[in-house]
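For reference, the structure is listed below as structure tokens.
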Amino acid sequence: MLSFRRLFTSTPVLSHIMADAKTKAQSIIDENAVAVFSKSYCPYCSASKRLLDSFGTKYKVVELDEVPDGSAIQDALREISSQTTVPNIWIGKKHIGGNSDLQGKNKDELKNLLVEVGAL
């Protein structure tokens with residue numbers, strides 16, 4: 001028996017939406033030194049953004065719960081990074097992970113990385 005999700009994600013329209021979302025997510029990652037895919041109500045997302053703000057980081061944030069294609073972008077990010085949760089953080093086109101991964105970085109190393117990618 002086909003699962004409900006597989007049945008409906010195999011339709012041409014949904015396949016096109018998923019391809020567009022993947023292209024959009026990859027463009028955001030490629031065009032920004034730091035990209036944070038977030039949800040506005042998520043406390044872990046807020047903590048990540050506060051840490052980046054504390055350095056004065058220039059970053060692109062996409063609030064997935066506030067954009068029409070947010071769930072499709074989150075599904076695309078799962079394909080790109082294998083991460084299913086938010087925040088989904090990218091620095092210099094490299095997947096950093098989530099909040100615990102960002103918070104766990106040595107602050108001096110994080111600052112140097114942000115400088116290196118031109119986000120400070």
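The values are calculated or read from the model by the stated rules, or taken from the named source; none is laboratory data. Note that the structure is a prediction, hence the values are computed from the model and not measured. FYI the Cβ positions are ideal-geometry reconstructions off the backbone, even for glycines, and counts take in every protein chain you see.
Annotations
Yes/no per residue for (1) under 24 Å from Ala19 (Cα atoms); (2) part of a loop (DSSP other than H, G, I, E, B):
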position: Tyr44; (1), (2): no, no
position: Lys49; (1), (2): no, no
position: Thr57; (1), (2): no, yes
position: Val62; (1), (2): yes, no
position: Gln74; (1), (2): yes, no
position: Arg78; (1), (2): yes, no
position: Ile89; (1), (2): yes, no
position: Ile96; (1), (2): yes, no
position: Asp101; (1), (2): no, no
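- Residue in region 56-76 that is at negative phi, touching a strand residue (DSSP E or B) at 6+ places or on another chain (Cβ under 6 Å) and either basic (Lys, Arg) or at pLDDT below 95 (or both) present: yes
- Single residue of Ile96, Ile91 found to be without any contact (Cβ under 8 Å) to a residue 24 or more places away in the chain, surrounded by 19 or more Cβ atoms within 10 Å (Cβ to Cβ), within 16 Å of Val34 (Cβ to Cβ) and under 12 Å from the mean Cα position of the chain (by Cα): Ile96
- Count of region 35-48 residues which are surrounded by 20 or more Cβ atoms within 10 Å (Cβ to Cβ) and out of contact with any Pro (no Cβ under 6 Å at 6 or more places or on another chain): 2
- Ser54 surrounded by 14 or more Cβ atoms within 10 Å (Cβ to Cβ) and of a type in the set (Ser, Thr, Tyr): no
- Selected residue (criterion: surrounded by the fewest Cβ atoms within 10 Å (Cβ to Cβ)) from residues of region 76-88 that are over 13 Å from Ser38 (Cα atoms) and in contact (Cβ under 8 Å) with a residue 24 or more places away in the chain: Glu79
- Leu120 passes every criterion in (1) touching a residue at least 40 places away in the same chain (Cβ under 8 Å); (2) over 17 Å from Tyr59 (Cα atoms); (3) over 16 Å from the mean Cα position of the chain (by Cα) apart from (2).
- Candidates Lys39, Lys49: the one that is within 16 Å of Asn99 (Cα to Cα), out of contact with any Ser or Thr (no Cβ under 8 Å at 6 or more places or on another chain) and either at pLDDT below 95 or charged (D, E, K, R) (or both) is Lys39.
- Tally of residues being surrounded by fewer than 18 Cβ atoms within 10 Å (Cβ to Cβ) and part of a helix (DSSP H, G or I) across region 103-120: 8
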